[in-house]
Amino acid sequence: MSLLGLQAFRARILHFTDMPDAVTQAGVEYFEDGVLLLENGRVKKVASAQAFADDGFDLRECEHFPEHLIMPGFIDSHVHYPQTDVIASYGNQLLDWLNQFTFPTELQFAEPEFAAIAAEQFLQLLLENGTTTAMVYTTVFAQSTEAFFSAAAKKNLRMIAGKVMMDRNAPAGLLDTPESSEHDNRQIIERWHQQGRLHYALTPRFAPTSSPEQLAVTGKLYRDYSDLYLQTHLSENHQEIAWIKQLFPNARDYLDVYDSFGLLGPRSIFGHGIHLSDVELNRLAETQSGIAFCPTSNLFLGSGLLDVARIEAAKIPLSIATDVGGGTSFSLLRTLAEAYKILQLQGQKLHPLKGLYMATLGNARALHLDSHIGNFAPGKEADFVVLNLSPTPLQLSRHKKTSCLADTLFALMTLGDEHNIARTYIMGKLAFSRSARAQGDLQWLI
Ligand code: GUN
Ligand code: ZN
């Protein structure tokens, strides 16, 4: 229905208004038979189909998915677009993995056409996985960042991204300088930051690959522009931490390296943070800097188990992320399944309501995007997914035995992946349809 810019979708609908309480269900809004009404690509109203009918709304106007579940689009707080083909690289932990697989792959992005094709493919993979927003590392090549923003703008996606800065301890072809990275950053920020749905994140890769001079430039840029983000890696791997001690002998600890250049704050997202001291934890909390929890990556690279309860007790903003290609799946559902297991190994729990909250409103809050996305509050941008709860014989069988909403969602979170994503919508516009693609119809491409 496009009359007056209105669209209506009828299905099961789940979204969160706050961090859910699994017992009282506070923070959870669920309609077994609901309607999501949009106006000009934004949410106008969400309620039960009965409530809409009682208001005189003709339910025949709805696009109806009786067996499906509609949820807000998933948000990935840490992912590398050049690493799509690095996924499943055998045998190494972080530093050797970077040298053997990641750096050689990222060198290919010097070629603008290669970068443009990769950006397009990456965004398509996100949409196929129900991910509508992400915080993205590009490469050291400014044109790869340009390619990413161009592709995201064309699809009208809400994205955060930045040019990787590294001026040492990587192959010569992948290095910039403090001066060139300052120049490139300023150009890209002025061209793309806050343009439409796009945001810029300063992206020093991690302290070992940036000189003190480059980190100082990063701090200057962070102060010079408003509403920038900052993303980097922190305390992921024991060898990495030992290297930091050699490279920055005067720093109190790993976090202090970033702190001493003014890189902490509520818009700073640190990937991993697995092996932090209490002092580092307190400093993250004091500055409200965020941690991106990357379960599949932490397991795949053998980095360690994030003590989520400790991070939460310290009141550090926590988000969930795939970290492809250290991570092994673009699917936030698979990511939550691995998060659950990491918590299990430490005697902790991840309730499915909380997991799905994290992948939607929780990540939107952690990235300060919750005034735009994350749930179906009126006025929000209508980025959403239509989930098939039983796309495989196994899931169908398990789904038939579910006893309540939490059980349905736990089966989805544990067994689900991209095959559960039937459709993805961006501001009300169909951006991916699994059935259309299966029929070879490419019209769904936006
Ligand atoms: N630390 C520095 N660079 C990277 C990267 O590309 N992936 C991961 N997982 N950790 C890093
Ligand atoms: Zn990463």
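Which residues, counting only those in region 214-265, are without any contact (Cβ under 8 Å) to a residue 40 or more places away in the chain, closer than 18 Å to Arg168 by Cα and of a type in the set (D, E, K, R)? Matches in region 214-265: Lys245 only.
Within region 298-308, take every residue that is in a helix (DSSP H, G or I) and out of contact with any Ser or Thr (no Cβ under 6 Å at 6 or more places or on another chain) and give me the one that is farthest from ligand 1 (Cβ to nearest atom). Write out each step before concluding.
Looking only at region 298-308, we keep the residues that are in a helix (DSSP H, G or I), and these are 298-300, 308.
From the residues that got through so far, the ones that are out of contact with any Ser or Thr (no Cβ under 6 Å at 6 or more places or on another chain) too are 298-299, 308.
On the way: Asn298: 9, Leu299: 12, Val308: 18 Å.
Result: Val308.
Looking only at residues of region 300-327 that are over 23 Å from Asp370 (Cα atoms) and surrounded by fewer than 21 Cβ atoms within 10 Å (Cβ to Cβ), we find that the one that is farthest from ligand 2 (Cβ to nearest atom) is Ala309.
Contact map, region 366-378: residues that are open to solvent by 10 Å² or more (accessible area, probe 1.4 Å) paired with residues that are assigned to a helix (DSSP H, G or I), Cβ distance under 6 Å, separation 6+ or inter-chain. Pairs shown: Asp370/Ala364; Asn375/Leu361.
Looking at this structure, is Leu336 without any contact (Cβ under 8 Å) to a residue 60 or more places away in the chain and touching a Pro at 6+ places or on another chain (Cβ under 9 Å)? Talk me through it step by step, then tell me what you get.
Values: without any contact (Cβ under 8 Å) to a residue 60 or more places away in the chain: no; touching a Pro at 6+ places or on another chain (Cβ under 9 Å): yes.
When the stated conditions are applied, Leu336 does not pass them.
Looking at (1) within 14 Å of Gly73 (Cβ to Cβ); (2) open to solvent by 10 Å² or more (accessible area, probe 1.4 Å); (3) of a type in the set (Val, Ile, Thr), which is the one condition that is false for Thr177? Here Thr177 meets the rest and fails (1).
Hand me the list of helices (runs of 4 or more DSSP H) wholly inside region 230-297 holding 1 or more residues that are farther than 22 Å from Val217 by Cα. Steps first, please.
Details: elements: 238-247, 254-260, 278-287.
Where helices (runs of 4 or more DSSP H) fall fully within region 230-297 and carry at least 1 residues being farther than 22 Å from Val217 by Cα, they are 238-247, 278-287.
Would you mind finding the one in Gln194, Gln187 that is away from ligand 1 (no atom under 15 Å from the Cβ), polar (S, T, N, Q), touching a residue at least 40 places away in the same chain (Cβ under 8 Å) and surrounded by fewer than 16 Cβ atoms within 10 Å (Cβ to Cβ)?
Values: Gln194 fails: touching a residue at least 40 places away in the same chain (Cβ under 8 Å).
Being away from ligand 1 (no atom under 15 Å from the Cβ), polar (S, T, N, Q), touching a residue at least 40 places away in the same chain (Cβ under 8 Å) and surrounded by fewer than 16 Cβ atoms within 10 Å (Cβ to Cβ) holds for just one of Gln194, Gln187, which is Gln187.
Within region 66-114, being β-branched (Val, Ile, Thr), part of a strand (DSSP E or B) and within 12 Å of ligand 1 (Cβ to nearest atom) holds for one residue alone: Val79.
The values are calculated or read from the model by the stated rules, or taken from the named source; none is laboratory data. Since the model is a prediction, treat every value here as computed from it, not as a measurement. Cβ coordinates were reconstructed from backbone atoms using ideal geometry, including for glycine residues, and neighbour counts include every protein chain displayed. Protein only, heavy atoms only, side chains kept; ligands, DNA and RNA dropped before computing areas. Shrake-Rupley method; radii C 1.70, N 1.55, O 1.52, S 1.80 Å.
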